[in-house]
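The values are calculated or read from the model by the stated rules, or taken from the named source; none is laboratory data. Fair warning: this is a prediction, and the values are worked out from it, not measured in the lab. Virtual Cβ from ideal backbone geometry, glycine too; neighbours counted across all protein chains shown.
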Amino acid sequence: MSHAVPTQIGALSRRGLLKTLRQPFQVFPIVFFPAILLAVNASGLKAATRLPGFPTHSYVSFAIAVAFIQGAMFSMINSGTNLAEDIESGFFNRLALTPLRRVPLIGGLLVGVAAMGALQSAFYVVLGLAALASLGFGALGCVAALRTGSGEAVQGLFPLFFVFIFLSSSNLPRQLLHTGWFHTVATWNPISYLIEAFRSLFISGWDATALGRGFAVAAGLSAVALLGVAGALRTRLQRT
């Protein structure tokens with residue numbers, strides 16, 4: 001019995017990963033769309049590097065961190081959409097009637113999401129924080145899927161989450177925005193600290209403070225999202 005849970009998680013994570021890889025329209029946003037936005041932003045905003053106090057002379061080094069967060073948010077939509085499709089097709093209900101435990105039921109999907117995050121990060125640079133961020137956002141997508149049971153509803157939530165990127169320190173450092181509502185919002189926005197953790201590796205090297213904050217936010221996001229998944233899963237199984 002002790003080997004049952006890892007085996008079940010492995011089987012479901014392979015299914016989830018292969019399901020994503022077999023659908024190019026899901027892989028493209030995770031890997032290539034952030035890269036395209038990176039190229040556009042780096043070209044249009046490179047003049048910002050001449051601002052006094054800007055931390056680097058390369059806007060690509062400054063902006064590449066945003067690509068990881070964008071990829072993680074696309075993972076959220078993909079994981080939620082895939083789970084919602086399983087609910088709509090009845091596959092989830094059939095799984096619930098088997099001896100499969102609750103942990104592998106969602107854990108397998110989230111392991112597949114984390115694996116996609118690792119693949120995405122390898123496209124840019126090997127970095128473990130990307131997988132943890134993808135896990136947290138992927139769990140949020142699962143919460144939305146379990147609550148609504150609709151792939152369209154999950155996709156409709158994406159603009160709401162995507163706006164958090166623009167209300168963060170994604171385009172300009174927070175230290176250049178000493179006052180004003182945007183500085184306040186960016187400081188309270190947890191996405192800022194995820195971006196700044198990635199960014200520190202390209203600009204200042206091993207910044208323990210920035211990385212510590214980034215991992216704390218990613219771990220907190222994952223914990224809150226997984227608690228939400230547990231509650232939503234309990235409600236979903238009671239309905240079935």
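When only residues in the range 202-229 that are over 16 Å from the mean Cα position of the chain (by Cα) and surrounded by 16 or more Cβ atoms within 10 Å (Cβ to Cβ) count, which is modelled with the highest pLDDT?
Ranking the qualifying residues of the range 202-229, first place goes to ARG213.
Of the numbered criteria (1) of a type in the set (Gly, Ala, Ser); (2) part of a helix (DSSP H, G or I); (3) at pLDDT below 85; (4) surrounded by 15 or more Cβ atoms within 10 Å (Cβ to Cβ), the one SER170 fails is (2). A count restricted to the range 200-232 and to residues that are over 27 Å from GLY53 (Cα atoms) and out of contact with any helix residue (DSSP H, G or I) (no Cβ under 6 Å at 6 or more places or on another chain) stands at 7.
Of SER200, SER204, SER222, SER150, all but one fail to be polar (S, T, N, Q) and without any contact (Cβ under 8 Å) to a residue 60 or more places away in the chain; the exception is SER200. When ASN78, ASN82 are checked against the criterion of being surrounded by 15 or more Cβ atoms within 10 Å (Cβ to Cβ) and either of a type in the set (D, E, K, R) or within 15 Å of PHE33 (Cα to Cα) (or both), a single residue qualifies: ASN78. Looking at SER192, SER204, SER169, SER200, just one residue is closer than 15 Å to MET73 by Cα and among the hydroxyl-bearing types (Ser, Thr, Tyr), and that residue is SER192. Scanning the range 173-195 for residues that are out of contact with any Lys or Arg (no Cβ under 7 Å at 6 or more places or on another chain) and part of a helix (DSSP H, G or I) yields ARG174, GLN175, LEU176, TRP181, PHE182, THR184, VAL185, TRP188, PRO190, ILE191, LEU194, ILE195. Scanning the range 54-75 for residues that are among the polar types (S, T, N, Q) and under 14 Å from SER204 (Cα atoms), we see that the one that is surrounded by the fewest Cβ atoms within 10 Å (Cβ to Cβ) is SER58. Tallying residues that are within 16 Å of LEU140 (Cα to Cα) and among the hydroxyl-bearing types (Ser, Thr, Tyr) within the range 196-234 yields 1.
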